[in-house]
Amino acid sequence: GECDVVHGTNFVVPPTRRAGRVVTVHDLTALRYPQMCDGPTLLYPELIRRALRSGAFVHTPSRFVADEVVEAFGADPARVRPVHSGIPKRPRIYDERAKRAVADLLPAATGRYIVSLATAEPRKDLPGLVAAFDELAGARPDVALVLVGPPGWGEEDLERAVSASPFAGRIARTGWVDDTVAAGLLDAAAVLAYPSRYEGFGFPPLEAMARGVPVVSTLAGAIPEVLGDGASLVPVGDVAALAGALAEVLDSETRAHELATAGRHRAGEFSWAQCAEGLAALYLDVA
């Protein structure tokens, strides 16, 4: 047709007769950690190579992924453009139905809770979060762990970890929830845990930070670039460090307040308006 640019926003961009093309590469999990991927995801590297061979520009959500694309595929750095995403907007006002739904999802007699927002896939290391909860739960009988998100291809390992936990009665799995309930679960949490093993951007911790919820995450992939000093970051896969950082937030109102304040400030640096400006500039260059 008469379009100037075609943007494929998820690893593949269709061929065009005359229009310039842009393909978004969110991360290189399929190349770096194929053992963490399902079958269809393993096709992504070849789709990226195909797009690059035919002259497509690349958009990435972070400088980290842009550098990976250049290194892994030999892409021209001038044709790889990092543009940060904004932060998903969830409602802030809850009706009685939503309040009841949130309360019904929490374990009985919950005082405070750690929340996670992630699909049960290996990259998110939810079994590691359960192990960290096991380390801190004994000394904090009022604390629960709430895992929000749908099942995925890491389901068996997560179920095994929860079943083996001595504190399984204080671990709740909500499955998928709508935006209003997710917002309620985030706002009432003492801390959000995001123990990812690899990340190209990281929406859930930014969501939590924007809402004033302290965040503990890992030094994985683009997370340091995106979260900066707005979160407490621990080494990837270090269960003891993760448990210690979570316990610090739970035990210290001062630390929790520091992280909440720093997180709000950091989250304020991300917007969809800035994302749109960056993509518009890329489209003009491609055209």
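For (1) open to solvent by 20 Å² or more (accessible area, probe 1.4 Å); (2) of a type in the set (A, V, I, L, M, F, W, C), each residue gets a yes or a no:
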| site | (1), (2) |
| --- | --- |
| 223 | no, yes |
| 241 | yes, yes |
| 263 | no, no |
| 268 | yes, no |
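For residue 199, the requirement of being of a type outside the set (Ser, Thr, Tyr), closer than 20 Å to residue 235 by Cβ and open to solvent by 10 Å² or more (accessible area, probe 1.4 Å) is met. Under 9 Å between Cβ atoms, which residue pairs at least 6 apart in sequence (or on different chains) link something in segment 140-161 that is on the phi > 0 side of the Ramachandran plot and modelled with pLDDT of 95 or more with a partner that is assigned to a strand (DSSP E or B) and small (Gly, Ala, Ser)? Final answer for the pair search is 149/116; 149/175. Those residues that are open to solvent by less than 30 Å² (accessible area, probe 1.4 Å), in a helix (DSSP H, G or I) and of a type outside the set (A, V, I, L, M), I need them from segment 42-68; list them, please. Result: 45, 68.
I'd like to check which strands (runs of 3 or more DSSP E) are fully inside segment 76-158 and have at least 1 residues that are of a type in the set (Lys, Arg) and open to solvent by 50 Å² or more (accessible area, probe 1.4 Å). Counting at least 1 such residues, we get 80-82, 112-117. Name the residues in segment 38-70 that are over 13 Å from residue 199 (Cα atoms), touching a helix residue (DSSP H, G or I) at 6+ places or on another chain (Cβ under 7 Å), in contact (Cβ under 8 Å) with a residue 12 or more places away in the chain and among the hydrophobic types (A, V, I, L, M, F, W, C), would you? Matches in segment 38-70: 42, 48, 52, 57, 58.
Taking segment 179-196 as the range and being of a type in the set (Asp, Glu) and open to solvent by less than 50 Å² (accessible area, probe 1.4 Å) as the test, no residue passes. Taking first residues from segment 255-276 that are closer than 14 Å to residue 210 by Cα and partners that are open to solvent by 60 Å² or more (accessible area, probe 1.4 Å) and in a loop (DSSP other than H, G, I, E, B), the Cβ contacts under 7 Å between residues at least 6 apart in sequence or on separate chains come to 270/84. Looking only at residues of segment 246-261 that are among the β-branched types (Val, Ile, Thr) and open to solvent by 40 Å² or more (accessible area, probe 1.4 Å), we find that the one that is nearest to the chain's Cα centre (by Cα) is 261. With respect to residue 4, determine if the residue is open to solvent by 20 Å² or more (accessible area, probe 1.4 Å), of a type in the set (Asp, Glu), farther than 19 Å from residue 198 by Cβ and touching a Phe, Trp or Tyr at 6+ places or on another chain (Cβ under 9 Å). Here the answer is yes, as residue 4 does meet what is asked. The lone criterion from (1) free of Cβ contacts under 8 Å to residues at least 60 places away in the same chain; (2) over 19 Å from the mean Cα position of the chain (by Cα) left unmet by residue 287 is number (1).
The values are calculated or read from the model by the stated rules, or taken from the named source; none is laboratory data. Since the structure is predicted, the reported quantities are computational estimates derived from the model, not experimental observations. Cβ: placed from backbone, ideal geometry, glycine included. Neighbour counts: every protein chain shown. When the accessible area is computed, the model is the full protein with side chains, heavy atoms only, and any ligands, DNA or RNA have been set aside. Shrake-Rupley method; radii C 1.70, N 1.55, O 1.52, S 1.80 Å.
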